[in-house]
Amino acid sequence: MIFMIIKLFLISLFSLYIYSAQTLKGMGVSLPSSFREDGRGKEQIFLDHLIKDCMKYKYTIKQYPFGRHMIAFSEEPYDFVTTVPESSKLKYFQSKSYIHYQNGVSTLKGQKINSLQDLVGKRVITFSGATELIPGLKELVKDFASYSEKAKQEIHSKMLLLGRVDAVISDAVIFFAHTKELKKEKFQMKDLEFHHLFDKTNFTLYFKDKSLRDKFNSCVVKMHKTGKDKKLAFEFYINELYRTLSE
C-alpha cells in the first residue's frame, strides 16, 4: 500500500514537472517597443516577470499587427494572446489588466492640439480599432478632412513626415519607436510633438485554458500589490531613454 502511494505521488510529481516545463505559445503585437531582439521590449519585461518568473512557464511569441493578432488567436492553436483592450469581448478567458499604453496625438512641432476638437478639418491616421478605444473619436470622424486606420503602425510615422496626414493618434512610445527606425533608414526627419489628450488604456491577456488564466491573474495581483509593476515600467522607460541617447 505504501509503495502504491509513493508510486502515485511520483507519477503526479512527474506530470506536474512535465506540465510546468511546457512552453506556452503566445500571440503578440508587432510593435518595435513591445517585443525586441534584445528581450527588453515593454511587453517582454512584463511577460517575463509574470509568466517566466511567477507562473514558471517558458513562452514564445508570434507577432501580428495590432487587431489582427486577436483574430489569429481565435483561429490558430495558441495558448494566449497579449495586448487585448480591457473593454474587448473575445472568446475564451480574459485576465486582469497587466499593462497600459498612453495614447495621444503626434503632429509636426508647433501645432496647438488641446482636445480632439482641434483635429476637426485635419487629416488623421490611427491604429485599427481606435474608435472603440478613444472616447469621443467615433463621433468626430465625420468632421475630419480624412480619417484612416492602419494596423501596421510604422505607416503612421511615414505619413506624418511626408506631409500626407496632419495628426497621428497612437501610443507615444510606439510612435516614436517607429519614427526612430525611419531615422536609421536615412528618412528625412522633422521636429515632432506629442500631445497628451487621453487617459491611459489598460490591456489584458486572453487564455484558452482557464487554469492558466487564473494562475496569471494571481501573479498580476501579486505584481500590483508589491509595486513590481511600477519598477518594471521604470526599467523599460530608463532603457528606452538610454537607447535614444546612445543612437
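Each reported figure results from applying straightforward, stated rules to the coordinates on display, with no laboratory input. Remember, predicted model here, so these are calculated numbers, not experimental data. As a convention, Cβ positions derive from the backbone with ideal geometry for all residues, glycine included, and neighbour counts pool all protein chains shown.
Given 0.36 nm per residue, what is the gain on full extension from Ile155 to Lys230 after removing their alpha carbon distance, in nm?
Between Ile155 and Lys230, full extension yields 23.9 nm more.
Lysines within cross-link reach of Lys210: Cα-Cα under 16 Å, excluding same-chain residues under 8 positions apart?
Cross-link targets: Lys25, Lys89, Lys91, Lys96.
Quick one: of the DSSP bridges fully inside the chain, what percent are antiparallel, nearest 5?
Within the chain, antiparallel bridges account for around 50 percent of the total.
If you build a Gaussian network model of the chain, linking Cα atoms that sit under 10 Å apart, which residue out of Lys230, Lys62, Lys158 swings the most?
Highest fluctuation of the listed residues: Lys230.
Need the C-alpha centroid separation for the range 130-200 versus the range 53-127, integer Å.
Centre-to-centre distance over Cα atoms comes out at 14 Å.
Using a/c under 1.5 as the rounded threshold, could you call the range 103-195 rounded, prolate or oblate? The axes a ≥ b ≥ c are square roots of the C-alpha gyration tensor eigenvalues, and prolate needs a/b larger than b/c, oblate otherwise.
Prolate is the answer for the range 103-195, as a/c is 1.5 or above and a/b outweighs b/c.
Which ordering of Phe176, Phe66 is given by a fewest-first count of other beta-carbon atoms within 10 Å?
Starting with the residue having the fewest Cβ neighbours, the order is Phe176, Phe66.
Report the one residue of Gly121, Gln188, Val105 whose Cα lies farthest in the direction of the positive end of the charge dipole of the range 103-195 (charges on C-beta: Lys and Arg +1, Asp and Glu -1; origin at the Cα centre).
Gln188
When the helix-only estimate is applied to the chain (DSSP H runs of n ≥ 4, each -39,500 (n - 2.57), divided by the residue count), what is the mean residue ellipticity at 222 nm, nearest 500 deg cm²/dmol?
Per the formula, -12000 deg cm²/dmol.
Only helices at least 15 Å long along their axis, Cα-based, and averaging 1.0 or more on Kyte-Doolittle count here, so list those DSSP H runs from the chain.
Once both thresholds are applied, what remains is 2-21.
Given N residues in the chain, what is Rg(Cα) / (2.2 N^0.38 Å)?
1.17
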